[in-house]
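All remarks here apply to the structure that follows.
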Amino acid sequence: MKIEKKSLLLLSGFFFIVLGLIVGRISNYPIKNSLGPAIPVSPTETSLVTPSLVLETAKVTRVIDGDTIQLEDGQRLRYLGIDTPETVDPRKPVQCFGVEASEKNKELVEGKTVRLEKDITDKDKYGRLLRYVHLDNLFINLELVKQGFATSYTYPPDVKYQSEILQAEKEAREANRGLWAACLSPEPALDGFSSPSPQNTSENGKTCLIKGNINTSGEKIYHLPGCGSYSKTQIDESRGERWFCSEDEAKSAGWRKALNCP
């Protein structure tokens, strides 16, 4: 009886070893992918594959201006996070450094296949794609700001690279690159690229650079130098808009900080 019991235990142990080997083989078997050939999956590999790393590619057939391009499928694309002076808007004259920005954009991407990265918003109100554009190891949106052909223009919820773009703008401005040298002068320049005007000087002669803007909903918002839409914001004092010398002053007057400020 003891021998039979010992044999039974040995057989049971052998059975569980074989079962373990079979389960191990099945867990390592390639999983079929409906979009292509079988792909072996391991915990390490899956952790490295994330949707944010997958960028769509497209060929640029035409550069429209410094921050807008046309793709091979006919769609127009507006660069996220930046703004360049106008050259094609029929309502405005060609703005300072607009032609140079268009030419630089053309030099960088026209006729080339680029990688497109989406943030949150897919298209703007004009139906243009909103994307970050990459060519090889070059981040085009950021490069245009670095070299002084564009300014920061980030707006929520598309703020993924806001800090990098704002830093690039600061460095370009301090180094007087591109439009920062060509468009800053004592005389008013186009599209907000001008020195502080007499209207933003306080009674004691202190220059006040904070812009107190009122949006279409009547909300009072202040913009600091370096905010995403600072250069695009124009102050119309006849509408109750004003300049502030400090954030405390703006808050006390009932203004709140713009969402696209760092």
Mind ranking 218-227, 139-148 by how tightly packed they are, going by the mean number of other C-beta atoms within 10 angstrom, highest first? 139-148, 218-227
Taking neighbour Cβ counts within 10 Å as the exposure measure, how do ASP119, ASP124, ASP136 sort from fewest upward? ASP136, ASP124, ASP119
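Could you size up the charge dipole of segment 55-182 around its Cα centre, putting +1 on the beta carbon of Lys and Arg and -1 on that of Asp and Glu, and report it in debye to the nearest 20?
Working: 20 positive and 23 negative charges, 44 e Å.
Result for segment 55-182 is approximately 200 debye, rounded to the nearest 20.
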Charge context of TYR222, other residues only, Cβ under 15 angstrom, K/R +1, D/E -1: +1
Total Lys pairs in segment 55-182 closer than 18 Å by alpha-carbon, pairs eight or more apart in sequence or interchain only? 12
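Any read-out appearing in this document is the output of simple, stated calculations on the displayed coordinates, not a laboratory observation. Quick caveat: nothing in here was measured; it's all calculated off a predicted structure. All Cβ positions, glycine included, derive from the backbone under ideal geometry; neighbour counts span all protein chains shown.
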